[in-house]
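J.: Pasting a structure below so you can have a look.
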Amino acid sequence: MRHPLSTMPLLLALFAGTTALAQEDPGAAEQAEHPCSVRPIFHCATLLADGSAIGHFGYSMQCPGDPETVPDLSIPIGEDNYFSPDPEDRGQPITFMPGRHIDEFEAEFTAEERKKAGDLHWQVKKISTRVDFSKARDEELDCTQLSY
């Protein structure tokens, strides 16, 4: 029969690993425990005369229970909040609040990026939204009505 304390070194190692992770990235523990999920949204694109474009983005953070009692969620730019292809930081938020947020930020895309759009997307955690430069409006925003 195993002695109950024989598992103590394993438990201490697991605890130390978790503590080290939290010290390396304080937001990691918060993200792991946060009850909400963030869904990035591409609304539409405003095409500019020089061939470049401005993409309009929002997000929806769904939470179980009363969203008023849920803290904001911090997701720094990096492996859980990025644009692809690079640059990964295009001005997207790093603090997310419960609810639906329309036209939260705009990202500029060069004429060259527009031509090579392919799989240009914004990803938050494991959910992404693809940039579609042919999309001029959605149910929440009409990019043809915006002027620059």
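J.: As a footprinting exposure proxy, order H43, H101 by other Cβ within 10 Å, with the fewest listed first.
T.: Lowest to highest Cβ neighbour count: H101, H43.
J.: Evaluate the distance, in nm, between pseudo-label points positioned 7 Å from the Cα of D103 and of S37 along their respective Cα→Cβ axes.
T.: Taking the two extended label points, one gets 2.9 nm.
J.: Sequence-distant or interchain residues sharing an amide H contact under 5 Å with I77, placed H: which?
T.: none
J.: Could you work out the local net charge near F105, counting Lys and Arg as +1, Asp and Glu as -1, over the other residues with Cβ closer than 14 Å to its Cβ?
T.: Every neighbour counted, the sum reads -4.
J.: Could you compute the FRET efficiency for A49 and T95, with r as their C-beta to C-beta distance and R0 at 41 Å, rounded to 0.05?
T.: According to the calculation, E is roughly 0.75.
J.: Hey, another quick one. In Å and whole numbers, how far do the C-alpha atoms of region 49-88 stretch along each principal axis, longest first?
T.: 46, 24, 12
J.: Shifting gears a bit: By the scheme Lys and Arg +1, Asp and Glu -1, what is the net charge of all other residues having a beta-carbon under 12 Å from that of P85?
T.: Its environment carries a net charge of -3.
J.: Can you tell me the relative contact order of region 35-145? Whole percent, Cα pairs under 8 Å, sequence separation 6 or more.
T.: In percent, rounded to a whole number, it is 37.
J.: Something else now. Taking H placed 1.01 Å from N in the peptide plane, check which residues at least 5 places from K135 or on another chain put their amide H under 5 Å from its amide H.
T.: The answer is A45.
None of the figures in this text is laboratory data; all of them are computed from the coordinates on show. On a predicted model such as this, the values are computed, not experimentally measured, just so you know. Note: ideal-geometry Cβ built from the backbone for every residue, glycine included; neighbour counts use all protein chains shown.
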